[in-house]
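First comes the structure, then the notes that go with it.
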Amino acid sequence: TPEQQAKKIKTLISELIQNQKVASQDIAVLVFDDKKDLYYQAFQRVGNPAGAAWSFESLWVHSTVLVDTARRFKGLEASIIILCGLEHANLERDRELLYVSLSRARSRLFLAGSREIFESIVKERLP
């Protein structure tokens with residue numbers, strides 16, 4: 001669910017900022033699902049990650065972590081990308097967007113979701 005993903009992502013981001021000393025503005029959370037508002041609300045409900053605040057659709061605001069949609073982030077990149085909201089993706093229809101989303105990270109890419117969605121992405125990408 002969006003709530004479960006938001007909690008795990010908040011924990012991951014807090015770890016990256018506090019223990020690995022990653023600058024919050026180097027992290028972007030991309031929502032793949034068309035129902036972005038469900039995810040945005042879930043991030044608001046779980047609260048801010050340690051050492052930062054959420055920035056919804058506002059690029060590179062100091063001391064914030066960007067939360068945006070995969071579609072809006074096309075052509076941009078960040079050091080760390082966390083991709084969520086893949087459960088309802090139509091991998092056949094959204095193949096190009098999936099590729100673009102997976103290639104936005106300069107350094108590290110994290111995927112949030114179920115094992116089944118990861119397996120379907122791997123099957124889709126490999127012959």
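Accessible area per residue (1.4 Å probe, heavy atoms of protein chains only) ranks Val61, Val46 as Val61, Val46, with the largest value leading. The phi-based Karplus calculation (6.51 cos²θ - 1.76 cosθ + 1.60; θ = phi - 60°) puts the 3J(HN,Hα) values of region 45-61 at 5, 6, x, 6, x, 4, x, 7, 10, 7, 10, 8, 6, 10, 6, 6, 8 Hz, whole numbers, x for Gly and Pro. Take the residue pairs Lys8/Lys35; Lys35/Lys123; Lys10/Lys123; Lys21/Lys74; Lys10/Lys36; Lys7/Lys35 and return only those whose Cα atoms are more than 22 Å apart. Checking Cα-Cα distances, Lys35/Lys123; Lys10/Lys123; Lys21/Lys74 exceed 22 Å.
Listed values for region 101-107 are Karplus-derived 3J(HN,Hα) couplings in whole Hz (6.51 cos²θ - 1.76 cosθ + 1.60, θ = phi - 60°), namely 4, 5, 9, 7, 8, 7, 10, and x replaces Gly and Pro. Three principal axis extents of the chain based on alpha-carbon atoms, in descending order, are 41, 27, 25 Å. Accessible surface ranking for Arg72, Arg115, Arg93, Arg108, 1.4 angstrom probe, highest first: Arg115, Arg93, Arg72, Arg108. Please list, in chain and number order, the residues 5+ apart from Leu83 or on another chain whose amide H is under 5 Å from its amide H, with Hs placed from the backbone. Here the answer is Leu30, Phe110, Leu111, Ala112, since their amide H atoms fall under 5 Å of that of Leu83. Net charge dipole, region 1-111: roughly 200 debye, given to the nearest 20, about the Cα centre with Cβ charges of +1 for Lys and Arg and -1 for Asp and Glu. Among Lys35, Lys74, Lys21, the largest mean-square fluctuation in a Gaussian network model of the chain (Cα springs under 10 Å) belongs to Lys21.
Of the whole protein surface, Phe118 contributes about 60 Å² of accessible area at a 1.4 Å probe radius.
The values are calculated or read from the model by the stated rules, or taken from the named source; none is laboratory data. None of the values given here were measured: they were computed from a predicted structure. Cβ sites come from the backbone with ideal geometry, for glycine too, and all protein chains shown count toward neighbours. SASA here: full protein model, heavy atoms, side chains in, ligands and nucleic acids out. Shrake-Rupley method; radii C 1.70, N 1.55, O 1.52, S 1.80 Å.
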